[in-house]
1. Assuming LYS92 fulfils every condition listed in (1) touching a Phe, Trp or Tyr at 6+ places or on another chain (Cβ under 9 Å); (2) crowded, with 20+ Cβ neighbours inside 10 Å; (3) basic (Lys, Arg) apart from one, which condition is it?
2. Go through the range 1-29 and count every residue that is closer than 18 Å to ASP52 by Cβ, touching a residue at least 60 places away in the same chain (Cβ under 8 Å) and charged (D, E, K, R).
3. Kindly provide the set of residues from the range 10-28 that are in a loop (DSSP other than H, G, I, E, B) and farther than 21 Å from LEU119 by Cα, ordered by number.
4. Would you mind listing the helices (runs of 4 or more DSSP H) fully within the range 29-106 where at least 1 residues are of a type in the set (Val, Ile, Thr)?
5. From CYS93, CYS98, which residue is at pLDDT below 85, outside the structural domain of ILE183 (by TED's automatic domain parsing) and within 21 Å of MET40 (Cα to Cα)?
6. If I go through the range 1-17 residue by residue, how many of them are basic (Lys, Arg) and either under 16 Å from ASP59 (Cα atoms) or out of contact with any Pro (no Cβ under 6 Å at 6 or more places or on another chain) (or both)?
Amino acid sequence: MKKILLVEDNEMNRDMLSRRLAKRGYAVVMAVDGAEGVTMARSESPDLVLMDMGLPVMDGWTATRHIKADPATARIPVVALTAETTEGDREKCLAAGCDDYDTKPVDLERLIGKIEALLGGLPPAHEKPSPASLSHDLLTPLNAIIGYTEILSERPQARPEDLADLQKILSAARELHGRIQKILATQAP
């Protein structure tokens, strides 16, 4: 089982992403700030780090530089996670030593593809981010709805009638997610 260190200060993002990664078969350890992330990269020896860039105590850029400068942790791939998608942010993350870059809200399938590529030794496929603020504002709460609905659907104590309703919610949320992404794609420069 591959171990991922998730360095994220937002409790909802940390909870949602860690659960969804665990569901995909990854062991997940977590840090809530950059300094703790650097310490845990050393103590936990993860296979990969997901690094929020806007962290307290020590930001993600600095934390990544520390991880990449330490011979004990330099080999660990780091994926930057950020809601900042203005021109130059991707390059700033890569210049800090990140091996790849992904935008928030997290699109789990896209992120899993990047994780698998890095863990499998494939070069990352850097892509241009979508329109940042609109994407973040619309998709963050929708991704939470999808994620928590998936979690509730898997509970063994769920009643069949509740499962049917949860599947309807999940289906509608996924359809809305697809529609929003199509609209955002037409807004891209």
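1. Condition not satisfied by LYS92: (2).
2. 3
3. Step one: list which residues in the range 10-28 are in a loop (DSSP other than H, G, I, E, B), which gives 10, 24-26.
Scanning the range 10-28 gives a single hit, ASN10.
4. Details: elements: 34-44, 60-69, 89-95.
Fully inside the range 29-106 and qualifying: 34-44, 60-69.
5. Checking each option against the conditions leaves just CYS93.
6. Narrowing the range 1-17 to residues basic (Lys, Arg): 2-3, 14.
Then keep just the ones that are either under 16 Å from ASP59 (Cα atoms) or out of contact with any Pro (no Cβ under 6 Å at 6 or more places or on another chain) (or both); that gives 2, 14.
So the answer is 2.
The values are calculated or read from the model by the stated rules, or taken from the named source; none is laboratory data. Note that the structure is predicted; figures quoted are calculated from it, not measured. Counting neighbours? That spans all protein chains shown, and the Cβs are built from the backbone with ideal geometry, glycine included.
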